[in-house]
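Structure first, then comments.
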Amino acid sequence: MSIFAEQAFWRATGSRLIPGNSVRILKDADENYPAWLKAIESAQRTIHFESYIIHEDEQGQVFADALSEKARSGVRVRLIYDWLGAFNATSNKFWRRLREAGVEVRCFNRPRFNNPFSAFGPFDWLGRDHRKMISVDGRVGFVTGLCVGSMWVGAARDGVEPWRDTGVEFSGPAVAELERAFARMWAACGRPIPDGEIPEVNSIQLSGDVALRIVASMPYSAGLYRLDQMIAAAARETLWLTDAYFAGTTPYVQALNAASRDGVDVRLLVPQATDIPVMRALSRSGYRPLLESGVRVYEWNGPMIHAKTAVADGRWARIGSTNLNLASWINNWELDVVIEDSRIGEEMEQMFLDDLENATEMVLTVKRRLAPAPKTLRRQTARRQTARRLRPIRLRERIAGGSSSRAAAGAVQIGRTVGAAITNRRALGPAETRIMGAAGLLLLAASILAFLWPAVVSWPLAVIGAWVAVSTLIRAFHLHREGRGDERDQ
C-alpha cells in the first residue's frame, strides 16, 4: 500500500496500521465460544469483556460461571454490557451474582436526565455500545459479531440451526490498542482504569506477520463509514460484503454501484430470515439500484446470518460489530478489526463462497420485479464457484428484459424514502413502494388520530418536551457550577 493510501486510511479511522500480529478467523459459535472460554481460563491478571447483549440463558450462564471463577481466584475481571441490549435479555439478579463473585460490572448509557459522561444532549441514551470484544492479560484479544446467547449455538436435537457469525482472534502489539479501546468505554461508565494497567503498543512482543488496525468508532466520528466508502472506491477486482441489517445510505450505495460499473465484482450477502422482520423489507427496498448496476445480492437461507464482514481484492478484510447502516456508522459505539494480509483475505473469500452455497441470489425479472434467481442460473453459478474457489466469478448477466440500533436503521431508511418523495431530490424505484405505502398510511392514521383524539398525540409530545426541558436545565446548572468553579480557581 502506498504511503498516501495509508495516510488516508489513518485519517479516516483515527487508527494506525499495526504490524507483527498473529490472526485466526473464527467461524460461528462452534469456534468462537470455545476459544473465548479457553482464553478466560488461562487468564492470570486481567479479563476485559464487553458485549452488547449477554442473554440469561444456558450460554450466558456458562460465561458467567467462567468469569466468576476467575474473579474469585484473584483475576481482575471487568465487564461492560449495554443497558438497552440487556433490557429484555438479562435480569438484575444475573448481574448481582456476577458482582457478588467479584466481577466488576458496568452498565453502559442507561437513561437519565443528565449524563456527565456524554455530550450528546437529552437523547444521548439512544446511542448504544454495540461492541463485542474480549481481551485477556493484554496478551490475546477477540473482536466479533457474536453476542452471548443460545441462538448462536442452536439446538440440534430440536432441529434449530445456529446463527451464522464471524469473529477474529489475534495476539501481538494490536492487543494494546484493543485494551485502550476498552479503557475508553470503561471510563465512559465510571472511574477510569488506573494508569499503567493498559499496555503500550511497543511493550508487546511481535507475534506474527499480519498487519491490522483496530477501528473503535463512536457516535458522529463516522470513521468506519468513511473507510467503507474508500474501500468501495479503491477495490480493483472484488468487494464481497456480508451484513446482518443492511440499510445503505445513498452515498454508500452509489459507491458500490460505481465500483460495479467499473468492473469490480461486488456482492452483498444478507439474511432472508431475520430477528427484526421489518429489516427484510427495508433491506430489499435498497436492492434495485444495486442490481441495476450489476451488484449481485444474495439472501442467506438459514435462520439468521449475523456476521458483519467485508473482503476486497483478496488482501483486505474487515470483521467486527458494524452493520452497513447509519445506526452503526453514525449513532453507536462500534469495534472492528481491519486486516491487510493476503492469507487472511483468501480465507475470508473462501468463507464467503462457502456461505453462498447456502444462499439464494436475488435478481430482477423481465417485469422489473425482485425475485430469486432461476434454479438453472443458481446451478450454473454454483458450478463456476466450485471450479474457481478463490477468484471472482465474472457473471454479469442480469435477468431483466436484537435492538434500538436496528430500529434506528429502519427509521433512517423510511425517513430517506419519505424525504426523497417530498423533496423530489432523487428518483424512487418500484422496490420502495411498500415503504412509501406504509409511511403514507402511518402518517394518515396519525393525522386522523390527532384530529379525533388530540390528547393521544399531545401527551407523548408533552412528555418528550418535559424530558428535554429538565435535561437542558440540569445540564445548564452543571455548566454554571463548573464556570463558578473555574472563576474561583483563577
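Could you identify the single residue in 318, 343 that is open to solvent by less than 10 Å² (accessible area, probe 1.4 Å) and modelled with pLDDT of 55 or more?
Answer to the selection: 318.
Which one of the conditions (1) in a strand (DSSP E or B); (2) surrounded by fewer than 19 Cβ atoms within 10 Å (Cβ to Cβ); (3) hydrophobic (A, V, I, L, M, F, W, C) does residue 62 fail to meet, given that it meets all the rest?
Unmet for residue 62, out of (1) in a strand (DSSP E or B); (2) surrounded by fewer than 19 Cβ atoms within 10 Å (Cβ to Cβ); (3) hydrophobic (A, V, I, L, M, F, W, C): (1).
Looking at the stretch 239-252 only, could you name the residues that are crowded, with 21+ Cβ neighbours inside 10 Å and over 27 Å from residue 149 (Cα atoms)?
Matches in the stretch 239-252: 239, 240, 248.
Cβ-Cβ below 6 Å, separation at least six or inter-chain, first residue in the stretch 249-266 and of a type in the set (A, V, I, L, M, F, W, C), second in a loop (DSSP other than H, G, I, E, B) and modelled with pLDDT of 95 or more: which pairs?
256/295; 259/235; 264/235; 266/295
Among the residues of the stretch 209-238, write down those that are among the small types (Gly, Ala, Ser) and at negative phi.
Across the stretch 209-238, the qualifying residues are 211, 216, 217, 221, 223, 232, 233, 234, 235.
Kindly provide the set of residues from the stretch 102-116 that are in a loop (DSSP other than H, G, I, E, B), among the aromatic types (Phe, Trp, Tyr) and at pLDDT 85 or above, ordered by number.
Hits for the stretch 102-116: nothing passes.
Every residue, every condition in (1) touching a strand residue (DSSP E or B) at 6+ places or on another chain (Cβ under 8 Å); (2) assigned to a helix (DSSP H, G or I); (3) under 25 Å from residue 172 (Cβ atoms); (4) not hydrophobic (A, V, I, L, M, F, W, C), yes or no:
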site	(1), (2), (3), (4)
233	no, yes, no, no
259	yes, yes, no, no
294	yes, no, no, yes
307	yes, no, yes, no
314	yes, no, yes, yes
317	yes, no, yes, no
328	yes, yes, no, yes
335	yes, no, yes, no
338	yes, no, yes, no
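When the residues of the stretch 83-100 are narrowed to those that are open to solvent by less than 10 Å² (accessible area, probe 1.4 Å) and at pLDDT 95 or above, which ends up nearest to residue 60 (Cα to Cα)?
94
I'm trying to understand the selection: among the residues of the stretch 151-192, which are open to solvent by 40 Å² or more (accessible area, probe 1.4 Å) and of a type in the set (Gly, Ala, Ser)?
156, 159 - these are the residues of the stretch 151-192 that are open to solvent by 40 Å² or more (accessible area, probe 1.4 Å) and of a type in the set (Gly, Ala, Ser).
Which members of the stretch 173-193 meet the condition of being more than 21 Å from residue 128 (Cβ to Cβ) and either assigned to a helix (DSSP H, G or I) or acidic (Asp, Glu) (or both)?
Correct list: 174, 175, 176, 177, 179.
It is to be established whether one or more residues within the stretch 277-285 are more than 19 Å from the chain's Cα centre (by Cα), part of a loop (DSSP other than H, G, I, E, B) and modelled with pLDDT of 95 or more.
No, the stretch 277-285 contains no residue that is more than 19 Å from the chain's Cα centre (by Cα), part of a loop (DSSP other than H, G, I, E, B) and modelled with pLDDT of 95 or more.
Would you check if there is a residue in the stretch 9-31 being buried (at least 19 other Cβ atoms within 10 Å of the Cβ), among the hydrophobic types (A, V, I, L, M, F, W, C) and within 16 Å of residue 148 (Cα to Cα)?
yes
The values are calculated or read from the model by the stated rules, or taken from the named source; none is laboratory data. Here the structure is a predicted model, which is why all the values come from computation and not from measurement. No Cβ is skipped: glycine too gets one built from the backbone with ideal geometry, and neighbour counts run over all protein chains shown. Heavy atoms of the whole protein, side chains included, go into the accessibility calculation; ligands, DNA and RNA do not. Shrake-Rupley method; radii C 1.70, N 1.55, O 1.52, S 1.80 Å.
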